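The values are calculated or read from the model by the stated rules, or taken from the named source; none is laboratory data. Keep in mind that this is a model prediction, so the values were computed, not measured. Using ideal geometry, Cβ is built from the backbone for each residue, glycine included, and neighbour counts are taken over all protein chains shown.
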Amino acid sequence: MSVSQQLRRIATGTSVVLVTALVLIQFVPVDQTNPAVETDVPASPEVRAVLRRSCYDCHSNETVWTWYSQIAPVSWLIARDVHEGRKQLNFSTWNRLSTADQSKALHESWEKVAEGEMPLWFYLPMHPEARLSAQDRTTLHAWSLSMVSEVSEEN
């Protein structure tokens, strides 16, 4: 058997193994549920529009699970990011946070937006509509400041 035949045989065997593995991993279950929305964060329609467009896929129980979020191993990564995002801040369970925690969450969220950390860089290529404009940032900043001051006045 020549070297080229051996290489072809190895390549064919490797391809069969990879395709088989890709098919089999599709059967690994991934939690892509959207629990019930308990409440919504108090915000104006303008702020809510920005939040829905740029934040809600990872930070609410209203995630839109796209077609590619159904295909492993990408599905695993997306589900992990959504679960982690909800754990950090979930606008659908805003009512569970104390006023102090709401204030802290808004402050930390704005810092991440101001530093360009949110929305995540790898989310934007598939969701260009989530990119925050200067006006979006101004709107979110004004809202976060007003919410923090409301919380401070309550305490």
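Just a few scattered comments:
- Taking the numbered list (1) hydrophobic (A, V, I, L, M, F, W, C); (2) at pLDDT below 95; (3) touching a helix residue (DSSP H, G or I) at 6+ places or on another chain (Cβ under 6 Å) in turn, PHE91 passes all entries but (2).
- Taking the range 89-129 as the range and being surrounded by 14 or more Cβ atoms within 10 Å (Cβ to Cβ) and assigned to a loop (DSSP other than H, G, I, E, B) as the test, the residues that pass are LEU89, ASN90, LEU97, MET118, PRO119, TYR123, LEU124, HIS127.
- Exclusive hit being over 18 Å from GLU62 (Cα atoms), assigned to a loop (DSSP other than H, G, I, E, B), assigned by TED's automatic domain parsing to the domain that holds VAL47 and touching a helix residue (DSSP H, G or I) at 6+ places or on another chain (Cβ under 9 Å), set LEU132, LEU140: LEU132
- Helices (runs of 4 or more DSSP H) completely within the range 1-73 that count 3 or more residues being modelled with pLDDT of 95 or more and out of contact with any Lys or Arg (no Cβ under 8 Å at 6 or more places or on another chain): 45-54
- Test set (1) within 20 Å of SER60 (Cα to Cα); (2) at pLDDT below 95; (3) touching a helix residue (DSSP H, G or I) at 6+ places or on another chain (Cβ under 8 Å) - TYR123 fails condition number: (2)
- Checklist (1) assigned to a helix (DSSP H, G or I); (2) within 11 Å of the chain's Cα centre (by Cα); (3) free of Cβ contacts under 8 Å to residues at least 40 places away in the same chain applied to ALA79, failing item: (3)
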